[in-house]
Each structure stands twice: as C-alpha cells, then as structure tokens.
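Here's the structure, in structure tokens; my notes come after.
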Amino acid sequence: MREMQEWLAAGGSGLPGPDRIVSAESTGRVLLAVASRAVRGRDCADLGYHPLLSRFRGAPEAVRRAALTRAALRSALPAEQAGAVDAERVARWIVQHYPPRWYPGVVVGSPHGAAVHLATAMGVPWLPAGFDVAVQWPGGQVDKPAEAAAYGSQLAARLIRHNPGVRVRQVHDPAARGVLAGSTVSLVVRWHRLPDAYQEFLGGCLAPGAPVLLLRDVRTWPVLDSGGGHTFQLGAPASGLEPADFGPDSEVLPQVLRGAGGDGASWDAPAGGRPGYAEQGVEPGFESSLLDWVRGAGSPLHRVLFPGPDALSAAAADVYRSWLRAAGKSGDRCVVECGRLIDPWQVVRAGLVPYWCENATQRSVTGAEWWLAGSAPFSSLDVLPEPPGLRSPALAGLPQWLAVASFGRRRRAVDRVAARGYPVTSVATRHATEVLRGQPYDLPAPAPLRMVEALAGLRASGTPQGLLVC
C-alpha cells in the first residue's frame, strides 16, 4: 500500500511528477527552495537533504561506491520515463512555490546564489531558465563518455519529442559528480521559449509596469552538437578544471577517474566540440520570448551578463553593503556561503553582507579572496565551506578557507562542522540556517531594495569585473 501511495504521489497517473523529475542534487533546485522560503519570510531549517556523495562515509571505498551507485539509481529517473517528462508541468510546479500576490519585480535566469540574494532583498521571486534531470544509466561507466553521449542522445530525443519547447544539454563530469557519473546521466533541460506557466504567473502576479531582471551566465566550454536539440559537454566550468584536463593527455584526469572508480587507460572521449555557452547558460529563444512578453505587458527587461560566478557574487555583495548602509546599518559583517549552504532570509534578518561561492573549488574560493582583499575590511567574517563529498585536485583545501576567514578584523570563523572531515563531511542544507541563527539580530530589515538601485550597484561594482548590465 505504501509503495502504491508513493507511486501515485510521484506521478499521479503513473507519469513522473516534477518532484521526481527535477534532480535533488542540482543547485537550481536548492536555490528555488531557499528563494521561495525567503519570499514567505521563512528560513531553511526544514531543508535537511544530504547530497548523495556525502553518504556511506564509514564503508570501505569499494563498498561505498557500490552503495552510492544503488542510491543514485533509486533517486534517478528510469530511462523509460524520459519521454514522459513534462517540462510545462515542471514550470507550473516552480511557480507554485511562490504565494499568489503582486510582486514589484522578478528575477529570472541562470542558477546563482547571488541572484537569490538580490531577489530576497527586493522581495521578489527567482525563476530558473531550466532544470536538471538525472536519468538512470544501467551498466554505465564513468570512464566511457562517448557511450554516455550516445545513450544521452537517445534519452534527449524522447524528451524533446514530447517537449518541443526545450533543448537538452548533457554534462558528463566525473570531477564534480564522481561515481554518480557512471550510474546516471545528467541532463540540463533548458526552455527554448518562455513556458506558459511562467507567462501566466508573470501576468497574474507581476505588478503593472514592474521590471524583470534576467541574469545570464555566459561562461563558455567546448560543446558537441549531436543535432535535434541535444548537445553534449565533457566536464564543466564548475568542476574547477579546464577543458584540456578532460583530454587523453591530461595529468589530472587519471587521478579524477581513480577517485570515481574508473580507469584513465580506457577513457573514450568523443571527438569534436566547439566553444559555446556552458550548461548554466540561457537559451537564446528563452530570452527572445521573455522580451516579447515584457513588451506586450509594458514592463521593462533588464539583463545582466556575468562572465563567471565570482563576478556576480562580488557585485551583489557590494550592492548589499550599500543597501544596508543606506538604511543606517553598519554593513560590517559578512558571511561567505558555498553551494547549498545558503539562507537568504537569515542573512537579511542578521544584516549580513553575503558572498556566495559556487562550490569548494580553488577557483571559486580564490574569487572570494580577491573580493575581500579589494573591499573595505569587515569586523566579522563567517565562512561556510560546503564539503563536496569527494576529493579532487581542483578543490580548495582548508588552509585556503582559513585564509578567507582571516580577512575579518575581530571575528574570523570557519564553520567547525563543515571543516571537520572536509572535504568528505556530510552536511545538510539546513546547516547554514543553524549557523546563521547564532548571529545577532539586526532588525528591522531595510526597506526592500529597488530594482533601479540594484542595477546601479551592479553596474558600478561589476563593470570592472566584466559584468554587462543592459
């Protein structure tokens, strides 16, 4: 009976529901959860999900990999259900996260923690331009990317056949996904046009003339176009590695594959690929249809293109500091978040300046160091490093996280729970809430940030870092 109830809850009539389709491992899903809670005036204390890679830590490595494979297959979508994915239903599920009321604007686009912080400061929703799907890959191998591409192409064809308004980017990244890259394929489903559910939500909840802010990640990566709306990407910018590191002559690839249970000698990377926008980019058709919608609605569309996550994180943090100081607050306390360790409502409650690291790679943490080095000093600095659950040559070590904290004048704190056993500690999403609840209150919160102020701040701070505001 219980299995039948779960089956019905997942898909209603046997089809997979959005909660089953959208990968629980994806950054975008976490950001949607925290953004929708912040709009409702709630923190993230109920988000207790533990990422797969952080589980089974006490087991021998071979046993652990087998357990992770089984867990990944259980949580992923069965291959035969790929064609049953309903992208429009997912869009409706996304907008239903937000209470129906008038909003003074909306933030749309690539998944980024700073986008959610800006949306929270403005009191508006954040809507992603796509979603991640993990699909079972029975018999898959982490060191067989060519086989993964061929398999993913078949899955994407079924999905696109039933959803002509989307494009599918497949990402095979053993550096970021570890053993999971050998048991499931990762598909980023990006809307090629504004879904109907988004149009209905904007039409019913966006105040007349209220602005829309589109944030676009414009990082590039070699992309193999297999036709029919399916593209393949070997590795990703978020891995902290370079495209050449996934080639047969790479010095770091054997280490990455050994950690994921693979063999560098059998690496069969597909040939070809041209520079294109990476997996977190926004489809041109989505932007065009959004522009058509705002023109018809009489709302302005503002676009921010960022060349890397650190540029947007730095500019948004500067906007927060100015916003807090304009409200008579010190803006002198900072929190450096990482990955899913984020709680925008608690940040506003405590009057903190937030800087978000995409993940725990050296590249991401170096961005935080550069921003802090160029900023006026903070009296208090809390650092929340999210353990990725695996080891990689691209990861920042604890000394680098401690160096980030050292920029605090009086308080310099690296979270002990996350640091204990880093980088393989298991930390739930709600841990950020537990840490930030210990910060003193700084209420009342400032009046909501206006879009015009956010854009002026992003332009002033971000332009030197390559941010394009238009």
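Looking at L398, is it without any contact (Cβ under 8 Å) to a residue 60 or more places away in the chain, in the same structural domain as E358 (by TED's automatic domain parsing) and either of a type in the set (K, R) or within 27 Å of D245 (Cβ to Cβ) (or both)? Considered against the rule, which asks whether it is without any contact (Cβ under 8 Å) to a residue 60 or more places away in the chain, in the same structural domain as E358 (by TED's automatic domain parsing) and either of a type in the set (K, R) or within 27 Å of D245 (Cβ to Cβ) (or both), L398 comes out as yes.
Does Q199 meet the test of being among the polar types (S, T, N, Q), within 28 Å of G113 (Cβ to Cβ) and assigned to a strand (DSSP E or B)? When the stated conditions are applied, Q199 does not pass them.
For the range 317-338, filtering for residues that are among the aliphatic types (A, V, I, L, M) and within 22 Å of H431 (Cβ to Cβ) leaves 3. What residue, among those in the range 412-442 that are in contact (Cβ under 8 Å) with a residue 40 or more places away in the chain and among the basic types (K, R), is farthest from G178 (Cα to Cα)? Filtering first and then ranking leaves R437.
Taking every residue in the range 140-164 that is on the phi < 0 side of the Ramachandran plot and pairing it with any residue that is polar (S, T, N, Q) and assigned to a helix (DSSP H, G or I), at least 6 positions away or on another chain, the pairs with Cβ-Cβ distances below 6 Å are D143/S266. Filtered by the rule that a residue be within 16 Å of D310 (Cα to Cα) and surrounded by fewer than 19 Cβ atoms within 10 Å (Cβ to Cβ), the range 370-399 gives W370, A373, G374, S375. In the set Q170, Q199, Q154, only one residue is closer than 25 Å to F246 by Cα and either more than 18 Å from the chain's Cα centre (by Cα) or surrounded by fewer than 24 Cβ atoms within 10 Å (Cβ to Cβ) (or both); that residue is Q154.
Taken over the range 78-104, the residue count meeting the criterion of being crowded, with 24+ Cβ neighbours inside 10 Å and more than 20 Å from the chain's Cα centre (by Cα) is 2.
Restricting attention to the range 179-196, does a residue exist that is on the phi > 0 side of the Ramachandran plot and modelled with pLDDT of 95 or more? No, because not a single residue in the range 179-196 is on the phi > 0 side of the Ramachandran plot and modelled with pLDDT of 95 or more. Tell me yes or no: at least one residue of the range 215-229 is surrounded by fewer than 24 Cβ atoms within 10 Å (Cβ to Cβ), among the hydroxyl-bearing types (S, T, Y) and within 30 Å of S266 (Cβ to Cβ). Yes, the conditions are met somewhere in the range 215-229. The set of residues from the range 269-300 being small (G, A, S), surrounded by 18 or more Cβ atoms within 10 Å (Cβ to Cβ) and in a loop (DSSP other than H, G, I, E, B) comprises A269, A278, G281, S299.
Is there a residue in the range 43-53 that is surrounded by 21 or more Cβ atoms within 10 Å (Cβ to Cβ), of a type in the set (A, V, I, L, M, F, W, C) and in a helix (DSSP H, G or I)? There is at least one residue in the range 43-53 that is surrounded by 21 or more Cβ atoms within 10 Å (Cβ to Cβ), of a type in the set (A, V, I, L, M, F, W, C) and in a helix (DSSP H, G or I).
The values are calculated or read from the model by the stated rules, or taken from the named source; none is laboratory data. Being a predicted model, the structure only gives us computed values, none of them experimental. Methodologically, a virtual Cβ is constructed for each residue, glycine included, from the backbone with ideal geometry; neighbour enumeration extends over all protein chains shown.
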